[in-house]
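One structure below.
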There are 2 protein chains.
Amino acid sequence: MTQSYFSEERSVETVNDRMGADVTPRMAEVMRCLVKHLHGFAKEIHLTQAEWETGIAFLTRTGQMCDGNRQEFILLSDVLGLSMLVDAINNRRPEGATENTVFGPFHVEDAPIRAMGDTISLDGKGEPCLFEGRVTDLDGNPVEGACVDVWSDNADGYYDVQQPGIQPRWNNRGRFFTGADGAYAFRGIKPTSYPIPDDGPVGKMLALMGRHPYRPAHMHFLVTAPGFQRLVTHTFVGDDRYLDSDAVFGVKQTLVAPFERTTQGDVSWRSVFDFVLTPA
Amino acid sequence: MTQSYFSEERSVETVNDRMGADVTPRMAEVMRCLVKHLHGFAKEIHLTQAEWETGIAFLTRTGQMCDGNRQEFILLSDVLGLSMLVDAINNRRPEGATENTVFGPFHVEDAPIRAMGDTISLDGKGEPCLFEGRVTDLDGNPVEGACVDVWSDNADGYYDVQQPGIQPRWNNRGRFFTGADGAYAFRGIKPTSYPIPDDGPVGKMLALMGRHPYRPAHMHFLVTAPGFQRLVTHTFVGDDRYLDSDAVFGVKQTLVAPFERTTQGDVSWRSVFDFVLTPA
């Protein structure tokens, strides 16, 4: 039998032998690996014709759910743990460095630059919380001029961009630049858990997998400084009921932060967390 | 570290341990296997953040290319050999039985029932060809009352449904029912090769893989009879330039049919092919 003809046994080789000669090495490598795992999946599970049709229809609906405000394929990647995996593979850090987690879809560029200690909560909702700590290098030396870009949902569980006209613009967002001591401080609210959008095909899939769509409460941080790797992370509230079952698998042990009751100043909570940057 | 938190090493287990308790066994099995291969792909290839973004954008465009007349995800499955693989897995046949190949998107239900020997070519284009042979069981006994449903592109490389208003309705389509001798015969045209739709994301991907979008010339057959498995197949023209490089990997050695010049009757070509059905 001509090797270029299809057979179940040699399906991977048959498809991959078709790769052209002038293909970039990386394109060839990625596609060969994709075909190997795609066929491996279908063979191992003995995928039926009806299941294949279900899969085609699911992917089609997922694509058609996407628009300028909704990215259902990123959501799919998130709930299957792929987004976290790609983040982990590309951000392996030395012991002691703060770990990355998923970026999420709600960051907005060029948030207002605020003075240290200022509040980011503009809607007056939620329990006031002081976030503070230091940005250091791996040896504990302060990093001056680091940009601490923060964002979170409000007390109702929505980001400002999800509720234009309802929340004030830039609610629960801000950028803070460290001084010579590497310290940062700002007031926000104790974060609240919320569901990822679950009214589309990914939400239906989650339900069929017996999973809930909630993310545990967290504050987003993007910490950047010249000479250091970009740090994309969250701090998580340790007593959140969804901490062990984040719908997008964003939780890492080292990112669970203390949130403590306080009577100091005008806040009810205080969360101290230091960020340790890795050299670029 | 709590096992439910994410780590690169245990990414598959972390995601799959989240499966709910009340999930159907098959759903759980399929999703666990999917996650294993999806993560396996990303780890083996060390998928970069930029490549992940390219993948998300590609899948989104593929979904958005789909409408009532165009199914870009099926096209994707076809060119990656997945459609053929699923067909093969689900239609393993005994030695001597006619093999399946991909159904394709151009079949239309309820084509006109024609008398044996009639022509299916209504547009007067192409080289007339007589298709004939027998439908038998595995022991060579004729199958009476088998429905031989046939369809092909016209001499310009398009199916009638791709050119409404240009081609006559039901051009190159028809159903023929066998008599006691199991024989079938009809006149059509010697099939011509044609490209699959390549103006979308899948066409761009094929180009990046250094592959052409052509299918070798073939006649489609759907042969059904009570008590036998449904046979979905093509016969291929043996001298086609794309026989070794079908864009959707549909060719099997046993489906390459003789197409011989003839001066008999009013046709230029003759193709004899017997269909051997498998018991249901």
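The values are calculated or read from the model by the stated rules, or taken from the named source; none is laboratory data. Predicted model only: the values in this text are computed from it and were never measured. Glycine gets a Cβ as well: all are built from the backbone with ideal geometry, and neighbour counts include every protein chain shown. These accessible areas exclude ligands, DNA and RNA; they are computed on the full protein's heavy atoms, side chains included. Shrake-Rupley method; radii C 1.70, N 1.55, O 1.52, S 1.80 Å.
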Item to complete: Scan segment A:65-86 and report the pairs whose first residue is under 17 Å from B:Phe41 (Cα atoms) and of a type in the set (D, E, K, R) and whose second residue is open to solvent by less than 10 Å² (accessible area, probe 1.4 Å) and assigned to a loop (DSSP other than H, G, I, E, B), with Cβ atoms within less than 6 Å and a gap of 6+ or a chain change.
Response: A:Asp78/A:Val248
Practice prompt. Please work out if A:Leu130 is farther than 16 Å from A:Arg230 by Cα, crowded, with 23+ Cβ neighbours inside 10 Å and hydrophobic (A, V, I, L, M, F, W, C).
Written response: no
Worksheet item: Quick check: anything in segment B:69-79 at the interface with chain A (Cβ under 8 Å from one of its Cβ atoms), within 25 Å of the chain's Cα centre (by Cα) and aromatic (Phe, Trp, Tyr)?
Response: yes
Response to the item:
In segment A:236-274, anything in contact (Cβ under 8 Å) with a residue 60 or more places away in the chain, within 14 Å of chain B (Cβ to nearest Cβ) and β-branched (Val, Ile, Thr) is listed as A:Val248, A:Val251, A:Thr254
Worksheet item: Of the conditions (1) at the interface with another protein chain (Cβ under 7 Å from one of its Cβ atoms); (2) modelled with pLDDT of 95 or more; (3) more than 33 Å from the chain's Cα centre (by Cα), A:Thr2 fails just one. Which one is it?
Response: (2)
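Are any of the residues in segment B:38-48 modelled with pLDDT of 95 or more and more than 8 Å from chain A (Cβ to nearest Cβ)? Before you say what the answer is, go through the steps one by one.
If we filter segment B:38-48 for residues that are modelled with pLDDT of 95 or more, which is where we start, we get B:38-48.
Keeping just the survivors that are more than 8 Å from chain A (Cβ to nearest Cβ) gives none.
No: zero hits.
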Item to complete: Give segment A:214-235 a look and list any residue that's surrounded by fewer than 23 Cβ atoms within 10 Å (Cβ to Cβ) and free of Cβ contacts under 8 Å to residues at least 40 places away in the same chain, or say none.
Response: A:Tyr214, A:Arg230
Discussion item. If I filter segment B:157-178 for residues that are at positive phi, at pLDDT 95 or above, assigned to a loop (DSSP other than H, G, I, E, B) and touching a Gly at 6+ places or on another chain (Cβ under 8 Å), do I get at least one hit?
Written reply: yes
Fill in: Lone unmet requirement of (1) at the interface with another protein chain (Cβ under 7 Å from one of its Cβ atoms); (2) in contact with a Leu (Cβ under 9 Å, 6 or more places away or on another chain) for A:Thr60
(2)
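Would you please name the residue that is nearest to B:Ser83 (Cα to Cα), looking only at residues in segment B:250-264 that are assigned to a loop (DSSP other than H, G, I, E, B) and open to solvent by 40 Å² or more (accessible area, probe 1.4 Å)? I'd like the intermediate steps shown before the answer.
As a first pass, look at segment B:250-264 and keep what is assigned to a loop (DSSP other than H, G, I, E, B): B:250-252, B:258-259, B:262-264.
With the extra rule that they be open to solvent by 40 Å² or more (accessible area, probe 1.4 Å), the set shrinks to B:258, B:263-264.
On the way: B:Pro258: 26, B:Thr263: 39, B:Gln264: 39 Å.
Only one residue fits best here, namely B:Pro258.
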Item to complete: Please give the number of the condition B:Val267 fails out of (1) part of a loop (DSSP other than H, G, I, E, B); (2) surrounded by 21 or more Cβ atoms within 10 Å (Cβ to Cβ).
Response: (2)
Discussion item. Of the conditions (1) more than 14 Å from chain A (Cβ to nearest Cβ); (2) without any contact (Cβ under 8 Å) to a residue 60 or more places away in the chain; (3) within 20 Å of the chain's Cα centre (by Cα), B:Pro142 satisfies every one except a single condition; which number is it?
Written reply: (3)
Worksheet entry | Check on A:Ile166, under 22 Å from the mean Cα position of the chain (by Cα) and of a type in the set (A, V, I, L, M) | no
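Against the condition more than 30 Å from A:Pro25 (Cα to Cα), touching a Phe, Trp or Tyr at 6+ places or on another chain (Cβ under 8 Å) and open to solvent by less than 60 Å² (accessible area, probe 1.4 Å), how does B:Ala247 come out, does it pass? Break it down into steps so the answer makes sense when it comes.
Working: more than 30 Å from A:Pro25 (Cα to Cα): no; touching a Phe, Trp or Tyr at 6+ places or on another chain (Cβ under 8 Å): yes; open to solvent by less than 60 Å² (accessible area, probe 1.4 Å): yes.
No; evaluated as a whole, the condition is false for this residue.
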